[in-house]
1. Among (1) within 16 Å of the ligand (Cβ to nearest atom); (2) buried (at least 21 other Cβ atoms within 10 Å of the Cβ), where does Gly60 come up short?
2. Would you mention how many residues in the stretch 185-196 are buried (at least 23 other Cβ atoms within 10 Å of the Cβ) and either out of contact with any helix residue (DSSP H, G or I) (no Cβ under 7 Å at 6 or more places or on another chain) or not polar (S, T, N, Q) (or both)?
3. Just to be sure, is Ala151 crowded, with 24+ Cβ neighbours inside 10 Å, more than 19 Å from Gly83 (Cβ to Cβ), without any contact (Cβ under 8 Å) to a residue 40 or more places away in the chain and within 13 Å of the chain's Cα centre (by Cα)?
4. Determine whether Tyr133 is among the hydroxyl-bearing types (Ser, Thr, Tyr), in contact (Cβ under 8 Å) with a residue 24 or more places away in the chain, surrounded by fewer than 21 Cβ atoms within 10 Å (Cβ to Cβ) and under 23 Å from Lys79 (Cβ atoms).
5. Select from the stretch 198-207 the residues that are more than 22 Å from Tyr136 (Cα to Cα) and not in a loop (DSSP other than H, G, I, E, B) and write down the one among them that is farthest from the ligand (Cβ to nearest atom).
6. Scan the stretch 185-197 for residues that are more than 9 Å from the ligand (Cβ to nearest atom) and either in contact with a Leu (Cβ under 8 Å, 6 or more places away or on another chain) or outside any loop (DSSP other than H, G, I, E, B) (or both) and report the count.
7. Evaluate the stretch 167-184: report whether one residue or more is at pLDDT 95 or above, surrounded by fewer than 19 Cβ atoms within 10 Å (Cβ to Cβ) and either away from the ligand (no atom under 15 Å from the Cβ) or among the aromatic types (Phe, Trp, Tyr) (or both).
Amino acid sequence: MNNRFMGSMLAVVAVAAGLIFAAPSHADAKVVTDADATSAITKTQALRGTAEADGGAATGSANLTPATKRWQSTTITYKIDSGSSYYKSVWQSAVKSWNKSGVVQLVPASGKADITLADKNSTMKNATVGITYSSYYNDKSMNNLKVMANAKSYVFKNVANRYHYSKTEKTNVAEHELGHALGLEHNVGKGSVMYYATRDQSVSKPDVNGLEASYR
Ligand SMILES: [Zn+2]
């Protein structure tokens, strides 16, 4: 898939001691699950729940979105890297949804951001509608979670448009990817924005529960 991007990320990380970078979990079974994807699904599939899995296996209870990582502080900086006012507003809405949880506070970065939010066209052949790449420190943990060093989330606009995602549905995908950027993994239940093939669902109680457990 996006080998050039992965290569450049690896190069950047290689000079920073103590950092681990891993490829998306579906790319190579040997690497640590460290980036994840949302697959695009049609409305009919969303209702029937027949979309194919594309991402890490969901674990645990539907009432508690699981996590493997977190940021050190509950105040986390972000920047929106997009030339599109449409996608800027999609990401702003996603940021607002997670801030409403009251657990973390995403604030605009004045300099280097913890989390970068962007849109681009996918070059993948599958129907992945969003993806998040992240890195974490291999010598730090909090609440048994890895401590994140940086994250970058994308919504793939060509895939979202191909499957006729509305702006609200694109915002749900943005919330899902931002959830990964906050350290959350997939939830088994469709009532979570972290369901692997979310389309209709926004941030909900299981997601806030998961965030509270991570950042307690
Ligand atoms: Zn995902």
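1. (2)
2. 6
3. Considered against the rule, which asks whether it is crowded, with 24+ Cβ neighbours inside 10 Å, more than 19 Å from Gly83 (Cβ to Cβ), without any contact (Cβ under 8 Å) to a residue 40 or more places away in the chain and within 13 Å of the chain's Cα centre (by Cα), Ala151 comes out as yes.
4. Taking the combined requirement at face value, the residue does not satisfy it.
5. Among residues in the stretch 198-207 that are more than 22 Å from Tyr136 (Cα to Cα) and not in a loop (DSSP other than H, G, I, E, B), the one farthest from the ligand (Cβ to nearest atom) is Lys205.
6. Residues meeting the conditions: 1.
7. Yes, the stretch 167-184 has at least one match.
Residue by residue, here is whether (1) in contact with a helix residue (DSSP H, G or I) (Cβ under 8 Å, 6 or more places away or on another chain); (2) among the polar types (S, T, N, Q); (3) over 23 Å from Gly210 (Cα atoms); (4) not in a loop (DSSP other than H, G, I, E, B) holds:
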| site | (1), (2), (3), (4) |
| --- | --- |
| Gln72 | no, yes, no, no |
| Ile76 | no, no, no, yes |
| Lys79 | no, no, yes, yes |
| Lys88 | no, no, yes, yes |
| Gln92 | no, yes, no, yes |
| Val95 | yes, no, no, yes |
| Trp98 | yes, no, no, yes |
| Ser101 | yes, yes, no, no |
| Gly111 | no, no, yes, no |
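The values are calculated or read from the model by the stated rules, or taken from the named source; none is laboratory data. Bear in mind the structure is a predicted one, so any value in this text is a computation, not a measurement. No Cβ is skipped: glycine too gets one built from the backbone with ideal geometry, and neighbour counts run over all protein chains shown.
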